[in-house]
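See structure below.
Laboratory data are not the source of any read-out in this text; all were calculated from the coordinates shown. What you see is a predicted model, and the numbers here were worked out from it, not measured in a lab. Cβ sites come from the backbone with ideal geometry, for glycine too, and all protein chains shown count toward neighbours.
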Amino acid sequence: MKGYAMLKIGESGWIEKERPACGPMDAIVRPLAVAICTSDVHTLWEGAIGERHNMILGHEACGVVDEVGELVRDFKPGDKVLVPAITPDWNSLEAQAGYSMHSGGMLAGWKFSNFKDGVFGEFFHVNDADGNLAHLPENINPVDACMLSDMVPTGFHGVELADVQFGDEVLVIGIGPVGLMSVAGANLRGASRIIAVGTRPKCVEAAKGYGATEFISYKDGPIADQVLELTDGKGVDRVIVAGGGCQTFEDAVKALKPGGKIGNVNYLGGGDFVTIPRVEWGVGMGHKDIRGGLMPGGRLRMEKLGALVSSGRLDVAPLSTHVFHGWDHLEEALFLMRDKPADLIKPVVVID
């Protein structure tokens, strides 16, 4: 089969590989559509997870089951499926402890284009199929289904980590596709005020639709200073970090009330240390919690998030601004995500 691979840091291209083997609990899936993630950019051009050679890229897809192992009960060839970006080993001790995304080691639930070939190939392998796949609802199209692989669950996990409650004032730093889903999730959880950091008109327009009430830009000065001015010096109850770099935590801590929580779902692709301001963190005793996590995978989460889209409670269509048809456009879509033109939120490639 063919796949689009990371040849080495900074270099990619099409290669030929053996079709993946199907274990007794696994599935082999043929993609219906794939989406490009900023994480692919971090992996390929920044070497954020280290050197990878001839590894097929991609972790966002929906597809059709082509083959299942003899122990798979709930899926069969021909089934259309949602595929999470994170596919834990559900019998692991880490999963039993409540941290399935780290099954087998830190971040090891993230297998696609990390520990094994990803989804940018004619076929891809899904471990523990009954635990990780979910049936694709008939009224969700393949383009929207790709948003359920990573963007929706990651953005919503930022809301979970920040523990947004009814009436909270929330700051969302970064309104790319993940941040937009954090805005949507905070709105669904009952936030009374959502301040979004971002200036790209396409993203601002989408964020308004998802419930953002005010906007600020890092170009206009420190984020924390602007938040404190908007809140009469009090700060916000919750901060969701969905963009920026290691230094972003300084603004997040300064903008947060004592007793507040920060939820980070931003992939920090570079730098050695996260910056935490000592005084504004209450000299270590300010009850300003900082939590960072990889989004949970698994069938149950995919079914629940799929139900939000299927029922009309969540519209993910605004995320997919650039839709291509055919494998020939995959590289174009990948480079588009790297360059991020002003009208881009998310590129998707439908496999015709």
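Brief remarks follow.
- Computed from point charges on the beta carbon alone (+1 for Lys and Arg, -1 for Asp and Glu), the dipole magnitude for the chain about its Cα centre is near 600 Debye.
- Dipole-positive endmost among Leu300, Pro341, Gly235 within segment 208-352 (Cβ charges, Cα centre): Leu300
- Distant-in-sequence amide contacts of Ala48, defined by a placed amide H-H separation under 5 Å and a gap of 5 or more residues or a different chain, comprise Thr43.
- Among the listed pairs Lys2/Lys346; Lys111/Lys202; Lys208/Lys346; Lys8/Lys111; Lys304/Lys340; Lys208/Lys261, those whose Cα-Cα separation exceeds 21 Å are Lys2/Lys346; Lys111/Lys202; Lys304/Lys340; Lys208/Lys261.
- The modelled label-to-label distance between Asp328 and Lys340, using points 7 Å beyond Cα along the C-beta direction, is 3.1 nm.
- Each of Gly105, Val204, Gly185 was scored by the projection of its Cα onto the charge dipole of segment 103-244, and the greatest displacement toward the positive side belongs to Val204; charges sit on the C-beta of Lys, Arg, Asp and Glu.
- Near Leu32, the amide H atoms lying under 5 Å from its own belong to Cys62, Gly63, Val64; only residues 5 or more places off or on other chains count, and H is placed 1.01 Å from N.
- Overall form of segment 73-126 per C-alpha gyration tensor (a/c, 1.5; a/b vs b/c): oblate
- Projecting the Cα atoms of Ile351, Gly63, Pro258 onto the dipole axis of the chain, where Lys and Arg carry +1 and Asp and Glu carry -1 at the beta carbon, places Pro258 farthest toward the positive end.
- Multiplying the residue separation of Ser192 and Asn139 by 0.36 nm and removing their Cα-Cα distance gives an extension gain of 16.0 nm.
- Amide H to amide H, with H built 1.01 Å from N, Thr321 comes under 5 Å of Ile345, Lys346, counting only residues 5 or more places away or on other chains.
- Estimated [θ] at 222 nm from DSSP helical runs (n ≥ 4, -39500 (n - 2.57)) normalised by residues in the chain, nearest 500: -7000 deg cm²/dmol
- Estimated FRET transfer efficiency (Ala97, Asn54; beta-carbon r; R0 35 Å; 0.05): 0.55
- Cleavage-rule hits, GluC sites (Glu not before Pro), segment 23-109, DSSP coil, Cβ neighbours within 10 Å at most 16: Glu51, Glu70
- Normalised per residue, the volume of the convex hull around the Cα set of segment 98-202 (Å³): 160 Å³
- For segment 28-37, backbone phi angles converted through the Karplus equation (6.51, -1.76, 1.60; θ = phi - 60°) give residue-by-residue couplings of 10, 10, 9, x, 8, 7, 9, 10, 9, 10 Hz, Gly and Pro being listed as x.
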